[in-house]
Structure formats: structure tokens, C-alpha cells
Amino acid sequence: MPINTPPELTRRQFWKAGGALALAGGLPAKGHAATATSAPVSLRLTAAPAHAPMVGDDHPATAVWAYGGSVPGPVLRVRQGVRFRAVVENRLDESTTVHWHGIRLPNAMDGVPGLTQPPIRPGGRFAYEFTPPDAGTFWYHPHDNSLVQQGRGLAGALIVEEAEPPRVDRELVWVIQDWRLTRDAQVAPGFGGRMETAMAGRLGNTVTVNGRVPDAVRVRSGERVRLRIVNAATARIVALRFEGHRPVVVALDGQPCAPHEPVGGRLLLGPAMRADVILDMAGKPGSRHAVIDDFYDRLAYELVALAYERAAPLRDHALDAPVRLPPNPLPEPDLASAERHELVLQGGMMGGMGMMGMRGAAWAINGMSMTGKGDTDMPPLLSLARGRTCVLSLRNETAWWHPMHLHGHSFRVLTRNGTAVAGAEWGDTVLVEPRQTVEVAFVADNPGAWMLHCHVMDHEVSGLMGVLRVA
């Protein structure tokens, strides 16, 4: 589905403005935001206004909201099974929270205002503390006024390291964000526009990797790279093609999967989705290969390029080492005894506009619309017995794509339009195509009230959100 690019600043203008994204040791140089830090037992994370030089020296720095003064926020690294504590301080002029996306954690630490915790008021603090059971690529972002706060930059990667990682030469973390900027490189106003809300959401005119409009990532022939990709955009879906390379996907949404090449050579990631990719650098010294995002019709662009150094190859042949990741301790669904429920995604343009204007709702699940920050007095969509396997049939009756995210659990993707999904594909966010039905299964073993919502932020805040209660 094509998107409308705002006229203020074109993609080509930004490419002229943007410089190279220099990567050293797999992360941006000059102390940039995505520099990894080993998380101590306790750390402090501050949400506050800041300025970020996204588009090069020819434009002023962009006024953003940031964790730790940078966009994206710092890459937080913890060990699987090790206690993690973060004291979040709010220096914004509105309330906020932090949701630790994809982590199977206690309900009180999930970061949903009014449902799992009181909002963090301006000048206030909240201590999040949990022990991550799963290794993988996760991320953190606000769940209060999500469209605006995430759209202004509040997001960061959370890496939970496995005890026995695969052998690679380097690791890269790419946090992809989508921005709508004006000619002076400032975030354009107008969040929550009526037409965007009822269509594909607020799609920008500028895409950054690790907070910069990238040009090239320097690589060396013969090296093996582990690439962790986080789609932290509020609405943009990406479909990445690595020209001249054969990426191998080893994890989706932090959960290990059978190593495989992307279907059709395109790595498809909706908002909030992640992928771990093993990439053998098979290009010749001095060559350059584009990474293309071509999800939207007639709007393909080069996200970044892999620029090979002229040095001799690190090795003559691809590294002969296994790439499969160790499994996480996920409870296996018992499909024979599962309870089954259908959740119908409704609304939007070309999908019935009768809900527009009703409490600000444009979307609904089974006829129920939870808008804004979430009406926690609404009855839950489902009440589930703890320890019981649940199969959800997500039927998309709309004309738009929806990345549906379940808090507090990981699910196994079973079928798409009745066709079984090959392998054991796990995730916490599943991309449901227009007019498609996707079945997912999970064990409801984490007690509490858990959000289920579309991670296109415009859709979430205008109705496509509800609560599943695990008794």
C-alpha cells in the first residue's frame, strides 16, 4: 500500500545531508546513542527533552525526547537469568512509563499506566525490577501517550545475552526509527491526524538507523556478523533485501528459530518486531552492496549500504561454526486441550468508518474500542485460566496491516489463512495482513492483566487495543 510523503523534506534531500554511519566494533563511533553498556545491577534511565544531530551538519539538530540524552536510548545489556533494576526518572512535562517490550516479566513491571502501575508524573521516578528468563533482542519504550512519545524518539534496545552465544566476529545493533521532519529538520506537528489514524498510521519522510540518516556500514570481506535489528518505528513496516548477501535469520522477537533465509529474500518486520540475523560478508574488497527497504509500492529506497574495506579478506571461506541459538525456557502449548478464541480486528478506512468520532475510536476488537492510554475500567476481551493453553485466531477484517503485540507472553505462530507455519516460529508481535487470519498459541502462565494491541501507534491509541486477564 503506497504512502503519502509529506512535502517538507524529501528522502533525497536527507541523503545529501546525511553523512556516513561509521561503525566501530559493531556500534556507532563518537560515543553515539547505540553504544552498548553493560547494565549494572541497578541503573538510572532519564526521559527528557534533548537534541539529536540526525541529518548531518547542513541542518540543525532535531529537538527530540530521549532516554539518557540520545536517540535511540542506550543499548542496555543484561545476562539471561540475572536480576535487572532500572530507576526511570521523568523530566518531560507530561507523565510517562517504560514498557520492556517482549520480556516475560511480572505484571507490576509491565509499564502500562493505570493497569499495571501509576503513571510516572513529571519530576517523578519509578523503579523497574525483574529477572529476564529469555535471552534475545528486546527493546524499551513508553506506554503513556505512546504515539507522541515514541514518535519524538523515546525508544532503545535491550539485549539479554545468552550464556553460549554463536561464534561471530562482530555484533551490530540497528535500531530503525521513522520520522516526519520539516525543512529545518524538526519533528513535524500533527500527531493523530484523522486520515492517518484510519489508514496506515503516521509514516515519515526520513528513516534513521541508530539515530542517524545512514550512508554506509564498513565491513570486511570474510567476516561473520550478528545483526540485531529492531523496528522501533511508530507505523512503518520494513522489508529488507541485502543485495549480494544471504542473511540467515536465527531469532524472531528475541526467540530462537530454526536458521533460515528470509522468504523471498526479504526480511519483513512490522513496528515493534525484531530479528537476529547472521550475515557472512561474501562481497569482494572495495565493493558496495545496498540494503533496500521495498515494502511500500513504488517507494523503495536504500536504507544503508554495506561498504567493504579494501583490506584482504579475513578468511577465504565462510566461518565453519553453528549459528543455531540455544532455546529459551518457553512453555510448550498443549494444543489438544487448548481453549480457543476468535478476535476480530475491525474498522479503519475501507473497513467500516462508523466508529470514527465515537470516543475517538477508529478501530475495534470484537466491537470493543479502547482508546487513548487505555480505559482500564473496560471489561477484558478474555479471561484466561492460569496455566491453560490458549489459541487466538486473529481475523483481520480491515484493509490495513496490523502488528499485533501481546504483553507478558511469547506465542507460537501456528497458521496463516489455515496453512500451517513451517517450523517453530515464536514471537510477541505478529504481522497480520489485510483480510488474513493468523492463529497463535501460548500458555497463559503469567498472572495479571495484559495488553493486546496493534503496534501501529495511531491504531493502538484509537481503539485497536484490549486486555487479556490471566487469573
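The values are calculated or read from the model by the stated rules, or taken from the named source; none is laboratory data. Here the structure is a predicted model, which is why all the values come from computation and not from measurement. Here the Cβ is made from the backbone with ideal geometry for all residues, glycine too, and neighbour counts use every protein chain on show. What goes into the accessible areas is simple: the full protein's heavy atoms, side chains included, and nothing from ligands, DNA or RNA. Shrake-Rupley method; radii C 1.70, N 1.55, O 1.52, S 1.80 Å.
Between beta-carbons, use under 15 Å as the cut-off and find the net charge around Pro166, counting Lys and Arg +1, Asp and Glu -1.
Residues near Pro166 contribute -3 overall.
Where Lys and Arg each count +1 and Asp and Glu each count -1, what net charge lies around Arg288 among other residues with Cβ under 13 Å from its Cβ?
Result for the neighbourhood of Arg288: -1.
Using modelled amide H (1.01 Å from N, peptide plane; none on Pro or chain starts), what sits under 5 Å from the amide H of Thr46, excluding residues fewer than 5 places away?
Gly68, Glu89
Hey, could you grab the Kirkwood Rh for segment 319-471? Inverse mean 1/r over distinct alpha carbon pairs, Å, one decimal.
The answer is 16.1 Å.
Taking the DSSP beta bridges in segment 160-280 as the whole, what percent of them are antiparallel, to the nearest 5?
Antiparallel bridges: around 75 percent, rounded to the nearest 5.
By its C-alpha gyration tensor, with a ≥ b ≥ c as the square roots of the eigenvalues, how is segment 167-313 shaped: rounded for a/c under 1.5, else prolate for a/b larger than b/c, else oblate?
Prolate, since a/c reaches 1.5 and a/b exceeds b/c.
Could you please report the charge total around Pro271, scoring K, R as +1 and D, E as -1 over all other residues with beta-carbon less than 13 angstrom from its beta-carbon?
-2
Using only the alpha carbons of segment 102-231, determine the length spanned along each of the three principal axes and report them from longest to shortest in whole angstroms.
In descending order, the Cα extents are 49, 42, 30 Å.
Magnitude of the Cβ-charge dipole of the chain, K/R +1 and D/E -1, about the Cα centre, nearest 20 debye?
Roughly 660 debye for the chain.
Restricting to bridges with both residues inside the chain, how much of the DSSP beta-bridge set is antiparallel, in percent to the nearest 5?
So the antiparallel bridges in the chain amount to around 70 percent.
Residue by residue through segment 231-245, what is 3J(HN,Hα) from phi via Karplus (6.51 cos²θ - 1.76 cosθ + 1.60, θ = phi - 60°)? Round to whole Hz and write x for glycine and proline.
For segment 231-245, the Karplus-derived couplings read 8, 9, 6, 7, 8, 6, 8, 10, 10, 9, 10, 9, 4, x, 9 Hz, x marking Gly and Pro.
Can you give the % of DSSP beta bridges in segment 325-471 that are antiparallel, to the nearest 5?
Looking only at bridges with both residues in segment 325-471, the antiparallel portion is about 80 percent.
Taking the alpha carbon gyration tensor of the chain, what are the square roots of 5 times its eigenvalues, largest first, to the nearest whole Å?
32, 26, 23
Which order, highest average first, do 440-447, 145-152 follow once you tally other Cβ atoms within 10 Å for each residue and take the mean per peptide?
145-152, 440-447
Quick one: which residues, 5+ away or cross-chain, put their amide H under 5 Å from the amide H of Arg104? H built at 1.01 Å from N.
Answer set, sorted by chain and number: Asp134.
Using alpha carbon centroids, what distance separates segment 54-127 and segment 258-275, in Å?
For segment 54-127 versus segment 258-275, the Cα centre distance is 26 Å.
Quick one: if you stick a label point 7 Å off each Cα along the C-beta vector at Arg167 and Ala108, how many nm between them?
4.6
For segment 37-158, calculate the relative contact order in percent as a whole number, restricting contacts to Cα pairs under 8 Å that are 6 or more residues apart.
30
Of all the accessible heavy-atom surface of the chain, with the other protein chains kept in place and a 1.4 Å probe, what percent is carbon and sulfur?
Accessible surface attributable to carbon and sulfur in the chain totals 52 percent.
Tell me the relative contact order for the chain as a rounded percent, counting alpha carbon contacts under 8 Å between residues six or more apart.
15
Using a probe radius of 1.4 Å on heavy atoms only, what accessible surface per residue do you get for the chain? Whole Å² is fine.
I get 37 Å² per residue for the chain.
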